[in-house]
Amino acid sequence: MAIETLPDLIDAAKARRVVLKVGSSLLVDRVGQARREWLDTLAGEIAAMARGGQQVIVVSSGAIAMGGALLDPTLNPRRNLAAAQASASVGQIALAGLWSGKLAAQGLTAGQMLLTLDDLEDRRRYLNASATFAHLLEAGVIPVVNENDSVATEEIRFGDNDRLAARVAQAAGADAVVLLSDVDGLYDRAPGEEGARLVEIVNGIDAEILAMAQGTSGSGLGSGGMVSKLQAAQIAERAGIALAIINGTHDAPLSRAVEQSRGTIFLPQRSDKARKAWLGGRLAPSGTLRVDAGCEAALKAGASLLAAGMVGVSGAFRRGDLVTVVSLKGAKLAQGLCEYSSADCMAIAGKREEQQEAALGYAPRPTVIHRDHMVVL
């Protein structure tokens, strides 16, 4: 049974496994103190879901904000990388203790998982994370996930927990993701503007939907915004996972959203097999291949990428690295594992098979990216 409405999110028959993302501005106030009474109501809702037969994973922000308040509440904990990492180190213990205590009061056991981008970009580590989620959930544990900000740098971090939540949902085989926000959902313009309309159902993200997003976090505490939420929804919809955005500022936010049918739900668009879902969700390509219009049409029809269709190469990558494929106008078309290094791609770009051996100095491979190792976006 498919998820089609907000009430479906608390129906174990339709959403047995749910990822719940909680942002910093909801969990922590402006001086870095946990909003304990609010969290009591949310923990109660998680317990109700568990009693109803659902398995819940929590993706929680808040470590940097909580740690910064403990180290020095007069300073911005994100003022530089070292300060953010130190604040996260202190805050991760406080955050884990907070969740553990609130869930224990509901008769639930929490388990902490700290992840970096590399943990979900590397196939072997992704599978390890997937196995850990499966074991914890079958044991009745509520995994509490956060990005490992104490070691993550700009090059190896998600940067927001919205996309992390979508990737966790993939790894865990979840049916749905719920992003708790400081607004009711996606509006067709800035929520404060006169006449702004809440978009209740999105059946596929297109250019019109993307244009509605606002790129900043209103609270100033978090690192995401509506843009990151739509990026998370794109990851989810390709993997057959529903994603909802609801207002988390109220007590018992799940119950409120369901009872009032207030929020935005993004419906799944396809259900890629496990490996392709992983490829489609990866966030750190090493380079870009630009292709001509004929190649673009062939890719959309399910073909592999051939050298003759390439018109440009950027980035430095090795054989087997993830690359993005873009159109002549720069629109993202696909991403996949490249059969050649960037230097070899430059050597054979635009050349037919019979010309490639002379350019490479060895017999060419049949494809630049095989369709089995590529996902059309």
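The values are calculated or read from the model by the stated rules, or taken from the named source; none is laboratory data. The shown structure was predicted, so the numbers you read here are calculated from the model rather than taken from an experiment. Every residue, glycine among them, receives a Cβ derived from its backbone with ideal geometry; neighbour counts consider all protein chains shown.
Hey, can you tell me all the residues within region 102-130 that are in a helix (DSSP H, G or I), at pLDDT 95 or above and of a type in the set (A, V, I, L, M, F, W, C)?
The answer is L103, A104.
Scanning for something hydrophobic (A, V, I, L, M, F, W, C), in the same structural domain as V311 (by TED's automatic domain parsing), surrounded by fewer than 21 Cβ atoms within 10 Å (Cβ to Cβ) and assigned to a loop (DSSP other than H, G, I, E, B), does region 358-371 turn up at least one residue?
Of the residues in region 358-371, the ones hydrophobic (A, V, I, L, M, F, W, C) are 358-360, 363, 368-369.
After this cut, where a residue has to be in the same structural domain as V311 (by TED's automatic domain parsing) as well, the list is 358-360, 363, 368-369.
When the remaining residues are screened for being surrounded by fewer than 21 Cβ atoms within 10 Å (Cβ to Cβ), the result is 358-360, 363.
Add one more test, that the residue is assigned to a loop (DSSP other than H, G, I, E, B), and what stays is 363.
Yes, region 358-371 has at least one match.
Among the numbered criteria (1) under 26 Å from V202 (Cβ atoms); (2) among the charged types (D, E, K, R); (3) surrounded by fewer than 15 Cβ atoms within 10 Å (Cβ to Cβ), which single criterion is violated by R275?
Only one criterion in (1) under 26 Å from V202 (Cβ atoms); (2) among the charged types (D, E, K, R); (3) surrounded by fewer than 15 Cβ atoms within 10 Å (Cβ to Cβ) is unmet by R275, namely (1).
Within region 27-66, restricting attention to residues that are closer than 22 Å to R163 by Cβ and small (G, A, S), which residue is surrounded by the fewest Cβ atoms within 10 Å (Cβ to Cβ)?
S60
Looking at A303, A308, can you tell me which residue is among the hydrophobic types (A, V, I, L, M, F, W, C), in a loop (DSSP other than H, G, I, E, B), within 18 Å of R371 (Cα to Cα) and more than 25 Å from the chain's Cα centre (by Cα)? Break it down into steps so the answer makes sense when it comes.
On the way: A308 fails: in a loop (DSSP other than H, G, I, E, B).
After ruling out the rest, the residue left standing is A303.
Against the definition (surrounded by 22 or more Cβ atoms within 10 Å (Cβ to Cβ), over 24 Å from the mean Cα position of the chain (by Cα) and farther than 24 Å from M226 by Cβ), how does A69 come out, yes or no?
Considered against the rule, which asks whether it is surrounded by 22 or more Cβ atoms within 10 Å (Cβ to Cβ), over 24 Å from the mean Cα position of the chain (by Cα) and farther than 24 Å from M226 by Cβ, A69 comes out as yes.
Checking the condition in contact with a Lys or Arg (Cβ under 8 Å, 6 or more places away or on another chain) and of a type in the set (S, T, Y), which residue from T74, T109, T116 passes?
Selected residue: T116, the only one of T74, T109, T116 that is in contact with a Lys or Arg (Cβ under 8 Å, 6 or more places away or on another chain) and of a type in the set (S, T, Y).
Could you please tell me which pairs satisfy a Cβ distance under 8 Å, a separation of 6+ or placement on different chains, a first residue in region 20-42 that is in contact (Cβ under 8 Å) with a residue 60 or more places away in the chain, and a second residue that is among the charged types (D, E, K, R) and surrounded by 22 or more Cβ atoms within 10 Å (Cβ to Cβ)?
K21/D162
Would you tally the residues in region 50-89 being hydrophobic (A, V, I, L, M, F, W, C) and free of Cβ contacts under 8 Å to residues at least 24 places away in the same chain?
Pass one, region 50-89, residues hydrophobic (A, V, I, L, M, F, W, C): 50, 56-59, 63-66, 69-71, 75, 81-84, 86, 88.
Checking the rest, the ones that are also free of Cβ contacts under 8 Å to residues at least 24 places away in the same chain come to 71, 75, 82-83.
Here the count works out to 4.
Which ones in region 131-171 are under 20 Å from A236 (Cβ atoms), modelled with pLDDT under 90 and aliphatic (A, V, I, L, M)?
none
Would you confirm, using the coordinates I've provided, whether E339 is out of contact with any strand residue (DSSP E or B) (no Cβ under 9 Å at 6 or more places or on another chain) and either surrounded by 13 or more Cβ atoms within 10 Å (Cβ to Cβ) or aromatic (F, W, Y) (or both)?
No.
Given the structure, is F317 buried (at least 17 other Cβ atoms within 10 Å of the Cβ) and closer than 30 Å to I10 by Cα?
No; evaluated as a whole, the condition is false for this residue.
Failed condition for L81, given (1) at pLDDT below 95; (2) farther than 17 Å from R17 by Cα; (3) surrounded by 15 or more Cβ atoms within 10 Å (Cβ to Cβ), with all others met?
Failed condition: (3).
Would you check if A15 is in a loop (DSSP other than H, G, I, E, B), at pLDDT 95 or above and under 24 Å from R163 (Cβ atoms)?
Criteria met by A15.
Out of curiosity, is A343 out of contact with any Leu (no Cβ under 6 Å at 6 or more places or on another chain), closer than 17 Å to P285 by Cα and assigned to a helix (DSSP H, G or I)?
On the way: out of contact with any Leu (no Cβ under 6 Å at 6 or more places or on another chain): yes; closer than 17 Å to P285 by Cα: yes; assigned to a helix (DSSP H, G or I): yes.
Taking the combined requirement at face value, the residue satisfies it.
Within the group K332, K351, which residue is of a type in the set (D, E, K, R) and over 31 Å from the mean Cα position of the chain (by Cα)?
K351
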